[in-house]
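The values are calculated or read from the model by the stated rules, or taken from the named source; none is laboratory data. What you see is a predicted model; the values in this text were computed from it and never measured. Note that we place each Cβ from the backbone using ideal geometry, even for glycine, and neighbour counts take in every protein chain shown. For accessibility, only protein heavy atoms count, side chains too; no ligands or nucleic acids. Shrake-Rupley method; radii C 1.70, N 1.55, O 1.52, S 1.80 Å.
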Amino acid sequence: MPSVLVVEDDPSIRQSLIEVLAEHGYAVRSVGDGFGALREVTQTPVDAVVLDLGLPDLDGGDALRMIRGISSVPVLVATARDDETEIIKLLNAGADDYLVKPFSGGQLIARLSAVLRRTSHVSPNGTAHNAQGARPAPAADPMGATTVGELAVDPGARTAYLAGRELHLTRREFDLLAFLAHHTGQVVSKRRLLTEVWREPYVDDQTVDVHLSSLRRKLGERAAAPRYLLTVRGVGIKLVAPR
């Protein structure tokens, strides 16, 4: 069964999370602080981490960055912070997804299951990790490389360059950009993106909005002054070459 490390300092919330996860077949370990999380991830690999941000010894964002320094284990952030800028920082720091408190047990299980599906090349017991927890390189993508203006996206190599400069994208940002590049010039709805990129058609559109905002920033544009990512109001988003 998949193993999950719950990092939550509130005993009652931690117990509730443990019970929900155990009921759905997960092997659960738990700690109440950031350094404990680092110790657990280092000593005994897990398949995923549910990370609270309000920890007594470390800010959860700092704990996330430290975890990323030693492991690529999927991290689902549980946060009461719903500010878009803060969420973008977390995604850029290596979070695979996030949940805004309060959330239901059903939403936790759905998000966690989706994260594990997206990282399914890792075995349930973590045996696909090396000693440092690194994952194998992703397999080549059937979509070919695409050039749009000065933007070059290669799904097989999982690289993206803008005017010859490599873009440092999170896993989800790259997946989003690669999908839009494969459908250059086509308007793609947020619902389709959730279904085909996130594989979570039941999640609200804010998830896409947050990633698009971060992606725009890395492309050097804003929603009010787009170059590559054009919003068609009420329909969706499309990737185009700047005029």
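Before moving on, here are some points about what is shown:
- When the residues of region 80-108 are filtered to those that are open to solvent by 20 Å² or more (accessible area, probe 1.4 Å) and farther than 23 Å from ARG217 by Cβ, the one that is nearest to the chain's Cα centre (by Cα) is GLN107.
- Of the helices (runs of 4 or more DSSP H) entirely within region 1-114, those holding at least 2 residues that are under 29 Å from ASP209 (Cα atoms) and of a type in the set (Lys, Arg) occupy 60-70.
- Criterion violated by LEU38 - all others in (1) within 20 Å of the chain's Cα centre (by Cα); (2) open to solvent by 30 Å² or more (accessible area, probe 1.4 Å) satisfied: (2)
Every residue, every condition in (1) touching a Leu at 6+ places or on another chain (Cβ under 7 Å); (2) under 17 Å from SER213 (Cα atoms); (3) not aromatic (Phe, Trp, Tyr), yes or no:
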{"site": "ALA145", "(1), (2), (3)": "no, no, yes"}
{"site": "GLY149", "(1), (2), (3)": "no, no, yes"}
{"site": "VAL153", "(1), (2), (3)": "yes, no, yes"}
{"site": "ALA157", "(1), (2), (3)": "no, no, yes"}
{"site": "ALA163", "(1), (2), (3)": "no, no, yes"}
{"site": "LEU167", "(1), (2), (3)": "no, yes, yes"}
{"site": "GLU173", "(1), (2), (3)": "yes, yes, yes"}
{"site": "ALA178", "(1), (2), (3)": "no, yes, yes"}
{"site": "ALA181", "(1), (2), (3)": "yes, yes, yes"}
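- Test: ALA22 is out of contact with any helix residue (DSSP H, G or I) (no Cβ under 9 Å at 6 or more places or on another chain), under 23 Å from ARG117 (Cβ atoms), open to solvent by 10 Å² or more (accessible area, probe 1.4 Å) and hydrophobic (A, V, I, L, M, F, W, C): yes
- Meets criteria (polar (S, T, N, Q) and within 17 Å of the chain's Cα centre (by Cα)) for THR184: no
- In region 148-161, the residues that are modelled with pLDDT of 90 or more and touching a helix residue (DSSP H, G or I) at 6+ places or on another chain (Cβ under 8 Å): VAL148, LEU151, VAL153, ALA160
- Against the test of being over 25 Å from VAL197 (Cβ atoms) and of a type outside the set (D, E, K, R), the options ALA63, ALA78, ALA110, ALA95 yield a single qualifying residue, ALA63.
- Number of the exception - VAL31 against (1) buried (at least 18 other Cβ atoms within 10 Å of the Cβ); (2) within 29 Å of LEU169 (Cα to Cα): (2)
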